[in-house]
Amino acid sequence: MPVPWFLLSLALGRNPVVVSLERLVGPEDAARCSSGLSCHLWDGDVLCLPGNIVSTPGPVLVPRHLQTELVLRCHQETDCDLCVRVVVHLAVHEQWEEPGEEKQFEGAADLELEEPRNASLQAQVVLSFQAYPVARCVLLEVQVPAALVQPGQSVGSVVFDCFEAALGAEVRIWSYTQPRYQKELNLTKQLPDCRGLEVRDSIQSCWDGDNVHLVLAVSEEQHYGLLLYWNQVQGPPKPWWHKNLTGPQTITLNHTDLVPCLCIQVWPLTPDSVRTSICPFKEDPRAHRNLWRVARLRLLSPRTWRLDAPCSLSAEAVLCWQTPGGGPCQPLVPPLPQENVTVNKAHEFPLLKGHPNLCVQVSIWEKLKLQECLWADSLGPLKDDMLLVDIRGPQDNRSLCALEPSGCTPLPSRVSTRAAHFGEQLIQDLQSGLCLQLWNGDLGALWACPMDKYIHKRWALVWLACLLFTAALILFLLCKKDRVKVAARGRAALLLYSADDVGFERLVGALASALSQLSLRVAVDLWSRRELSAQGPLAWFHAQRRQTLQEGGVVVLLFSPGAVAACREWLQGGAAAPGAHGPHDAFAASLSCVLPDFSQGRAPGSYVGACFDRLLHLDAVPDLFRTVPVFSLPSQLLDFLGALQGPSASHPGLLQGWAEQVSQALQPALDSCFQSLGAPELSRGMEPGAGTGLE
């Protein structure tokens, strides 16, 4: 066999070595841990707030090493997304302090209870994931039994499934504990694209957008011919593209041009040269899908048809009946038999007449691939005709039935179907010659009987009057939609706050939940973690603020010591330093939009301020924000609710009831917040201007 004089490679979006990925079914995240450990994944995402490093109170669990693995998260067989599985290896750490930070955190250990050496250990492990534009944080609770607690030793691992990411994206992963005892572990990884993964049949973007490159590696002076052709099982090859070339070349093909019978032939432009051919797409499932996309059924004459396709197909065809009301096309087998299909060859229908409701189905291995109602173009749209099937059995036994979506209904019949209701009339029409005979054979006959005359036309005017009345009613409702919308949905309220601590977040959540029980549509970042992570705090707030103000809503600024400190940074020294606030801190991010509204006089009527009794004094609120009403809660709840209602405020008696309802909902969260803060912090927060740096 001669040695090939050229090298042909196909750049199909794959590498020589590909990786086959595990498939996960369903959208839910999950966690599991190694033998001996127990673990639990918190529902939903959490705030990405690492906090400061504290000294260890004794043996603690810490992340020691990060690993990643790529998997597929699949919603359907061919609808998958690339997903990053993260493995966190854990170890026991004892009496470790950040160098140079001992004095800074020397009191932190007093906040933790001393753990005996032989006790089990528990840790809250945070995984932070960033891959533009996605940012997520999840929390894993891990418990290690006492038998595995050995300082300095690895205890096992916990596996998280999984963070979705785009092909080719750069992902960054951090892991730390809450509280944090050491620097975060971090890992940056460049995800492969379709070329390094065996995912082309699972991830649609790996196929639909790619081109195919034919790379011909020959010497610089070599002259040769290139032919792309369709190899036919029956008949000679069918040329598609031919060109004479010189030297190395790269030919780009559209991915939709690939079909199983597409072959490549190359030969040197010399006398009596040997031609080399390859057919690389013969077993490619994507090429087979393309073949069915380009295959077409064509009506050649009232009784002949043809299946046009570039390659041979092993398929069967059958006639079916399509009703105008939708639903599946019902195959006419029996009485008409199936037949094997030869592409690009005329086939004859065993029919006497054509009908717009008659269609052709082409199937392969009993799976429908193609369906066309070939007579629709020449005979018009589908008709409301009833197909009668006259079946002839042995000894001239005959039976008549009407084809319906539920099956073939015998005529006459007492069942509750449309055909049975008109059974006697249909039999009379058949006997009177009012039905069109479509087929007649040894096994029976097919008749199409019109149903138009059975429609009660005298009701047409009544239906028209009903339609006109309905249209008038809809027009009236559309004219009143704005008032109806406002009355039904209530006024929009966007709550902005600084996430000072967990207790304050619970207090804000209690307020938001209580307000949402009234005639208010409340938006708060606590309820929009995924959107906040995906869009970023600034973009999320800007979109929420614009929507709220466009709908005539109100933005509520909830002041706390942390919020006042953030305002101080903006008013005295500009924006906060990067990383000073958590990625979910919408208050810090929103100041760039809020402050111009106040400084330019646009805030009155659109903003309301509030703080909580005993947490912050009203005098501590910066003067710039006092151009709008500022209330202390819950002591001024009645006025606060009135301001939220705006011009359409409810009856005072109703507002009083709402105020009592909201106050009862706030009180447990408010008491819990006081207990967590303690007396010294409360006294400092209540001093006018204390801790704010604002005069």
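Values quoted throughout were computed directly from the atomic coordinates according to the rules given, and no laboratory measurement underlies them. Values in this document were obtained by computation on a predicted structure and should not be read as measured data. A quick note on method: Cβ atoms are made from the backbone with ideal geometry, for glycine too, and the neighbour counts reach across all protein chains shown.
Here the Karplus curve 6.51 cos²θ - 1.76 cosθ + 1.60, taken at θ = phi - 60°, turns the phi angles of region 263-277 into couplings of 10, 10, 10, 10, 8, x, 7, 10, x, 6, 6, 8, 8, 10, 10 Hz, with x standing for Gly and Pro. Take every pair of alpha-carbon atoms less than 8 Å apart whose residues are at least six positions apart; their mean separation over the length of region 227-359 yields a relative contact order of 19 percent. Scalar couplings 3J(HN,Hα) for region 595-606, obtained by applying the Karplus form with A = 6.51, B = -1.76, C = 1.60 to θ = phi - 60°, are 4, x, 4, 6, 5, 9, x, 9, 6, x, x, 10 Hz; x denotes Gly and Pro.
Figure legend: label point modelled 7 angstrom from the Cα of SER528 along Cα→Cβ; residues of region 488-509 with amide N under 11 Å from it are 493-496. For the peptides 29-35, 244-250, the ranking by mean Cβ contacts within 10 Å, running from highest to lowest, is 29-35, 244-250.
Which FRET efficiency value, to the nearest 0.05, do you get for LEU473 and GLN517 by plugging their Cβ-Cβ distance into 1/(1 + (r/R0)^6) with R0 = 30 Å?
Numbers: r = 33 Å, r/R0 = 1.09.
It comes to 0.40.
For LEU90, the residues 5 or more places off, or on other chains, whose built amide H falls under 5 Å of its own are ARG64, VAL155, GLY156, SER157, VAL158. Packing here is the average count of other Cβ atoms within 10 Å per residue, and on that basis the peptides 272-284, 220-232, 508-520, highest first, run 508-520, 220-232, 272-284.
For the residue pairs LYS189/LYS282; LYS353/LYS453; LYS243/LYS369; LYS238/LYS369, the C-alpha atoms sit more than 28 angstrom apart in LYS189/LYS282; LYS243/LYS369.
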